[in-house]
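The values are calculated or read from the model by the stated rules, or taken from the named source; none is laboratory data. Note that the structure is predicted; figures quoted are calculated from it, not measured. Cβ atoms come from the backbone with ideal geometry, glycine included; neighbour counts cover every protein chain shown.
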Amino acid sequence: MSSRRDRADELRHLMETEGEAVGQNTRTVNQLTNYALQRFDDYEELRTAARGIKERAIADLPDLIDRVDEAVEANGGQVHVAQSAADANRIAERIMADQDAEKLVKSKSMTTEEIDVNDHLESAGYEVVETDLGEFVVQLADESPSHLIGPAMHKSADEIAALFNSELDPDEELSGDPIELTAFARERVGEHIREADVGMTGANFVVAESGTLMLVTNEGNARKTAVTPDTHIAVAGVEKLVPSLADLQPFTELIARTGTGQDITSYVSLLTPPVDTPIPDFETDEFRDADERSFHLILLDNGRMTMREDEDLRETLYCIRCGACNNSCANFQTVGGHGFGGETYTGGIGTGWEAGVHGLDSASDMNDLCTGCSRCEPKCPTKIDIPWINTVVRERLNHQGADGEDDLDFLVEGLTPDEEPTGTDLQKRFFGNIETVAKLGSLAPGLANAVASSRPGNWLLERVAGVDSRRDLPTLADETLREWYGSRGAQVSQPDRDVVLYPDLYTDYFDPDRGKAAVRALEALGCRVHVPPVPESGRAPLSQGMIETAREQAERVHGALVTHIDQGRDVVVVEPSDLAMFRSDYEHLLPERSFERVADHSYDVMEYVYGLLENGSEADALQSPEGDEEIAYHSHCQQRTLGLADYTTSVLDELGYDVRTSSVECCGMAGSFGYKREYYEMSVEVGEQLADDLGEVDDGERLIASGTSCQEQLDTLYERQVPHPVELLAPGSGR
Amino acid sequence: MSSETLATFESSLQGVATVHTTDAESFTETLGEAIEEPAVGTALPHEGVSLADTSVVLDPSPSDIETAATGVTPAGLGIADYGTVTLPSGAAGEELVSLYAPRHVAVVAASDVVMDMPAAYERMGEEFAAGTDTQVLATGPSATADMGTLVEGVHGPSETHVLILEDR
């Protein structure tokens, strides 16, 4: 599987060359957005409003297109609806020819990147100059943007200085001083703007009723580009339309907070072209009348109207291109947009855009890098379920059978009783069917462990399933949680309440100790605990894009739990990624009523303990520290998204522990991701960020984590056992 | 406008703009402190206040605008929560005057300062309907982080001043 090796090499190279600049930029912006959102009380209310506006606008899109056409025409401009990139380019070229134009200046616009208008106009003999400084750098370097809003963020100031020195021949050689570089670039770009015949901008929003564009910038280049030349071309995807001016208010308050961590950008231009500003002619030093201005709005379809009909991809059209999903993504922070690939868009929601406008293949690489950690979700100003879009695209790629010619299919076939077609990547099927693998292994755990850790076993795993041999696979326990429970049974005879402990795959087969601890802790607080046979949640297949298999699992889980729930039993879950299935992902997999029944009655084990203590159970029944005991705690990514991390720290605080927590949100392991040969090094690199954040954990301090993956990753990084928090508080857990 | 709104506005402007509070009578003097010459400007709509008696060049040529050290334009609104001013632009060339010079001075009447963004959009909605349909919400100087660190003063002003007319 040399392709896995090639991919690993490519990602390693990017980590070495661009990783530092990208990492520093994205992490800083991510922290700034965290801070901006924390201080902004109206965030949730405005997100809901923004979401509603986008939903309605996309539903009414054909009507909005008609309305904006009328409005722009009444203003004295023209609307062109372009079906494809080629259409849009032809229209732009025709406008250039009609105006006898030679030079076009352009402000930053991803939509113009999507259609490659620069290449097109240049090959037709026109000069095109980017005016956003980041885009100017990227254009000069003949590269592609590496980020939605920070196109040159992969470059350091020194690299930019070297580029300017070699390409622009400055009077004096430039150092890597950002102020000097900015001043130099401003002068050069300023000259181009004053000389240009046409200014091209994008549009963050287009108001249908008035033909008003909203342009969100910090540099001011879009203002200059729109108003200095006499001809203005705006290129916008059809999804940028909103009905009225008032609809812009929530977006004005959201876009900078999620995008850059500013409360608002320097400029939010609301312009209704052709504008009334007289046309400056810097050569004659006179103004020409504004009546001579012309304005063209090119509305681009290029797959969007089809996305609008697509139940799963439609949400992508609600994206306002703020880039928050890129900045909050641990993998993006590590390799940057160039590692994520894609023709135009990258990272996070980029998958939906690439699949919609360029086709599935173009979304393939970046899609694989989405681990489903879900940390982008709370950052999305229009509440797009970005992990779900990645899952759907993954499924479609699976069904396309990208690796369909593999001759080792037969080896996995027996291990994979899934609903997926032959041709689905073997690695995905191996991890997607991990329950079967674990079940077979547990028939003879000693043998299975020995085979998995043997050289031939290792070779086979790496060859067939792409499991990196540098990772230790988890070891099957001699006795599963269910076997242990079966031999002891429920132990509280007059319980305050009855609960089900969900025997998740990992707890059941690999780490029954944390399950036993959960049972004991709940019993100590007066619960009668049942551990019935319940299938794997579907997390494993879902993470591989095997949606139909995941749906089958969800239905089986629902079937296994529903009687317990109807008997009034709450479902307590140890593994956060499984709880996230119950509470969130099942919404996509089960009928609404079934989803709600499972979701409403499922709890994180520490959340449940917290609730029991709040409702009068005695904390004395739990084990508490003997003296000053320090704890370093890493909460699981999906647990953070569900807003559950605080319960663990509260309970530990109450019991008297001295708890500190990690601020890095993702461990990098992400289920199977860190086992995959092509991503092993990247996963470790993400993990190193967590280790830097947590710092040294000395012998007197305990290191704990909620997620299986986090435990595995921290185990590797710190070379010590990393228990689940519940293992600290269960009586008789043997600390 | 309440005193609370004005106080919020001034506090939000801290760090993004230099604030000058004045009244119609002291306007000329205060403006003198806010500008650096050569300065260009467009007519102000506020009663009893004019740029005519100042050193500010009205009806500037393109080269005046390009070489000016300061541009002076009226603001339609102040938005207290954000320290934002709205800059309506039209045939007088306000957009160019407020954009090209390294220093921008926005003149806003205290009575035009609103508390929050919904209130601002309500007012702008009325103004758009009345024909002032191009406005920029400007907050602080132009800026970029594209060269590796935050640099102020890119294609727009590097320095912004807000002059509040307390009796208007």
Please go through segment B:141-157 and give me each residue that is buried (at least 24 other Cβ atoms within 10 Å of the Cβ) and more than 7 Å from chain A (Cβ to nearest Cβ), ordered by number.
B:Pro157
Output for segment B:136-168, where each listed residue is in a strand (DSSP E or B), closer than 21 Å to B:Val40 by Cα and of a type in the set (S, T, N, Q):
B:Thr160
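Residue-wise test of (1) within 13 Å of the chain's Cα centre (by Cα); (2) within 14 Å of chain A (Cβ to nearest Cβ).
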position: B:Val57; (1), (2): no, yes
position: B:Pro62; (1), (2): no, yes
position: B:Glu66; (1), (2): no, yes
position: B:Ala69; (1), (2): no, no
position: B:Val72; (1), (2): yes, no
position: B:Val85; (1), (2): yes, yes
Quick one: in segment A:625-650, which of the residues that are touching a Phe, Trp or Tyr at 6+ places or on another chain (Cβ under 8 Å) and of a type in the set (Ser, Thr, Tyr) is surrounded by the fewest Cβ atoms within 10 Å (Cβ to Cβ)?
A:Ser650
Report yes if A:Glu552 is assigned to a helix (DSSP H, G or I) and either touching a Phe, Trp or Tyr at 6+ places or on another chain (Cβ under 6 Å) or acidic (Asp, Glu) (or both), otherwise no.
yes
What's the total number of residues in segment A:575-588 that are under 16 Å from A:Ala560 (Cα atoms) and touching a Lys or Arg at 6+ places or on another chain (Cβ under 6 Å)?
2
Give segment A:473-507 a look and list any residue that's in contact (Cβ under 8 Å) with a residue 60 or more places away in the chain and either closer than 24 Å to A:Val722 by Cα or basic (Lys, Arg) (or both), or say none.
A:Leu473, A:Pro474, A:Arg497, A:Leu501, A:Tyr502, A:Asp504, A:Leu505, A:Tyr506, A:Thr507
When the residues of segment B:138-168 are filtered to those that are over 30 Å from A:Ala162 (Cα atoms) and among the aliphatic types (A, V, I, L, M), which remaining residue is farthest from the chain's Cα centre (by Cα)?
B:Leu165
Quick test for you: out of B:Ala110, B:Ala101, pick the one residue that is more than 10 Å from every other protein chain (Cβ to nearest Cβ), more than 12 Å from the chain's Cα centre (by Cα) and over 23 Å from A:Phe287 (Cα atoms).
B:Ala110
Residues to consider are B:Glu94, B:Glu122; find the one that is within 9 Å of another protein chain (Cβ to nearest Cβ) and surrounded by 22 or more Cβ atoms within 10 Å (Cβ to Cβ).
B:Glu94
How many of the residues making up segment A:562-593 are closer than 17 Å to A:Val499 by Cα and in a loop (DSSP other than H, G, I, E, B)?
5
Would it be correct to say that A:Leu61 is in contact with a helix residue (DSSP H, G or I) (Cβ under 8 Å, 6 or more places away or on another chain), at pLDDT 95 or above, outside the structural domain of A:Lys379 (by TED's automatic domain parsing) and closer than 26 Å to A:His296 by Cβ?
yes
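Rundown of residues vs (1) assigned by TED's automatic domain parsing to the domain that holds A:Leu104; (2) surrounded by 23 or more Cβ atoms within 10 Å (Cβ to Cβ); (3) out of contact with any helix residue (DSSP H, G or I) (no Cβ under 7 Å at 6 or more places or on another chain), yes/no style:
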| residue | (1), (2), (3) |
| --- | --- |
| A:Gly220 | yes, yes, no |
| A:Thr225 | yes, yes, no |
| A:Ile233 | yes, yes, no |
| A:Pro243 | yes, no, no |
| A:Ala246 | yes, no, no |
| A:Gln249 | yes, no, no |
| A:Ile255 | yes, yes, yes |
| A:Gly259 | yes, yes, no |
| A:Ile264 | yes, yes, no |
Those helices (runs of 4 or more DSSP H) lying entirely in segment A:244-334 with at least 2 residues more than 14 Å from every other protein chain (Cβ to nearest Cβ) and in contact (Cβ under 8 Å) with a residue 24 or more places away in the chain
A:304-309, A:324-327
With the condition kept exactly as written, say whether any residue in segment A:530-550 is surrounded by fewer than 21 Cβ atoms within 10 Å (Cβ to Cβ) and closer than 23 Å to A:Ala705 by Cα.
no
Residue by residue through segment B:73-113, note down the ones that are hydrophobic (A, V, I, L, M, F, W, C), touching a His at 6+ places or on another chain (Cβ under 8 Å) and closer than 19 Å to B:Thr21 by Cβ.
B:Val105, B:Ala106, B:Val107, B:Ala109
